[in-house]
Every structure is written in structure tokens, then in C-alpha cells.
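What follows is one structure encoded as C-alpha cells, with my remarks underneath.
The values are calculated or read from the model by the stated rules, or taken from the named source; none is laboratory data. Since this is a predicted model, take the numbers as computed values, not measurements. Cβ: placed from backbone, ideal geometry, glycine included. Neighbour counts: every protein chain shown. Only protein heavy atoms, including side chains, enter the accessible area calculation; ligands, DNA and RNA are left aside. Shrake-Rupley method; radii C 1.70, N 1.55, O 1.52, S 1.80 Å.
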Amino acid sequence: MASRVLSLRIDADLLDRLRDHAAKCGTSVQDYVVRTLVRDDFDERFKTAVNETERFYAAPPG
């Protein structure tokens, strides 16, 4: 299997949260993110998040 590089620019607060989660698991941020992406339920969770985001931005201002 070929590997590729994924580069992300993320908010500092989000990176701090990722570091905290990774530290609790005793792993690096990179390993924590990869483990999250390869979880069996990732596709379904991602789809749900996208749908919720689309509904949020489609909602009329209240």
C-alpha cells in the first residue's frame, strides 16, 4: 500500500485539545489522528457531522 502525506492547518485550540486526548491515550497527535481515521465507524460519524453542518447552515436565521 502506498503512503501519502496529509498536511493540515488547524486552530491552536483544536491542536491543544488533540494533544490532550493523545496524551491521555499515551500516543502522539499524529498516531491519535490516524487511529481516529481508521476506526470502523469513522465513515458514518463523518457523514453524520457533514449532514448536521449542512442542516445548520441551511437553517433560517433565528
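Quick notes on this structure:
- With all protein chains in place and a 1.4 Å probe, the accessible surface of the chain carries 55 percent carbon and sulfur.
- Each of the peptides 10-17, 23-30 was scored by the mean count of other Cβ atoms within 10 Å over its residues; in descending order, highest first, they stand as 23-30, 10-17.
- Global geometry of the chain, whether rounded, prolate or oblate, following the gyration tensor of its Cα atoms and the 1.5 cut on a/c: prolate
- Note that the chain presents 97 Å² accessible area per residue, ligands and nucleic acids not counted, probe 1.4 Å.
- Working note: 222 nm ellipticity from helices only, DSSP H runs with n ≥ 4, each -39,500 (n - 2.57), summed and divided by the residues of the chain, gives -20500 deg cm²/dmol to the nearest 500.
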